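Nothing in this text is a laboratory measurement; each read-out follows from the coordinates by a stated rule. From a predicted model like this one, the values you see are computed outputs, not experimental measurements. Every residue, glycine among them, receives a Cβ derived from its backbone with ideal geometry; neighbour counts consider all protein chains shown.
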Amino acid sequence: MSRKHLIIFLACAVMAFTAVVAGTVLWMRGDRLGLSGLVTSSGTALVGGPFALTDHTGRPVTEETFRGRYMLIYFGYTYCPDVCPATLQVLMSALESMGEAADQVQPIFITVDPQRDTVEEMARYVQYFGDPLIGLTGTSEQVDEAARAYRVYHQRAEDDQGDAYLVDHTSILYLMGPDGKFVKHFNYDSDPEDLAAEISEYVN
Ligand code: NI
């Protein structure tokens, strides 16, 4: 490990630790990341909408592709050193523990880093998390449009590490109904059983 790589590794470790501490503090405060603004006073959700992307097998998909099933959507990127793989792990474990009810739910991972997350890269990545997971990528414009629809912030971290850059991004799970409408969001939770119980309030 070169000195440069060691520095990048240490920086990542510090960021990961900070993220865990900050996440825990927010969670203990019951702070829902200020997401009350995602729903209007009349109860109409401002999250969700049309998207046109390509799945990890190269198939073009839109939000219509998944009509009739719940969508559990998470935005992230395959080079994410910590939060994304941990969240996907928890998400897939939660669905697995739900048994047949999970058949009604399509887990979807949408990249915010289409530059590196090609169709091939997404295919390689999603296989680590189990068959049901679908990975979606697209052009930068397509990804930006999907992220905007879901109010997902993403910003490449400023540095000069070539292809080793990090991407800051919102880390929230969105449960969308069979009609494509927003049902509920979940913040990162380290316990698959808790997440399964929350999802089961809507899907059973
Ligand atoms: Ni991430």
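For the pair ASP179 and GLU100, a Förster radius of 22 Å applied to the C-beta separation gives a FRET efficiency near 0.55, rounded to the nearest 0.05.
Projecting the Cα positions of THR111, GLN142, PRO192 onto the charge dipole of region 109-204 (unit charges on Cβ atoms of Lys, Arg, Asp and Glu, taken about the Cα centre) puts GLN142 furthest along the positive direction. Arranged from fewest to most other beta-carbon atoms within 10 Å of their beta carbon, ILE199, ILE134 become ILE134, ILE199. The stretch between SER140 and GLN115 holds 8.3 nm of extra length on full extension. This uses 0.36 nm per residue minus the Cα-Cα distance. Sorted ascending by nearby beta carbons within 10 Å, beginning with the fewest, ASP82, ASP55 become ASP82, ASP55. Per the Cα gyration tensor, region 92-165 maps to an equivalent ellipsoid with semi-axes of 27, 15, 11 Å, ordered largest to smallest. Would you mind checking region 94-136 for residues with the amide N under 17 Å from a putative spin-label position 7 Å along Cα→C-beta of ARG59? Under cut-off, by backbone N: 103-110, 119-120, 122-124, 126-127, 130-136.
Under 1.5 on a/c is rounded, so check that first for region 51-185, then, if it is not, pick prolate when a/b is larger than b/c and oblate when it is not; a ≥ b ≥ c are the square roots of the alpha carbon gyration tensor eigenvalues.
Working: a/c = 1.65, a/b = 1.44, b/c = 1.14.
Verdict is prolate for region 51-185.
Tally the DSSP beta bridges in region 50-204 and give the antiparallel ones as a percent, rounded to 5. Rounded to the nearest five, the antiparallel share is 65 percent. Here the simple spin-label model places points 7 Å from the Cα toward Cβ, and for ALA149 and GLN89 these points are separated by 3.1 nm. Shown in residue order for region 51-56 are the 3J(HN,Hα) couplings computed by the Karplus curve 6.51 cos²θ - 1.76 cosθ + 1.60 at θ = phi - 60°: 9, 9, 9, 10, 7, 6 Hz (x for Gly and Pro).
Counting other C-beta atoms within 10 Å, which of LEU53, LEU166, LEU46 has the fewest, and how do the rest follow?
Working: LEU53 24, LEU166 20, LEU46 13.
So the residues, fewest neighbours to most, are LEU46, LEU166, LEU53.
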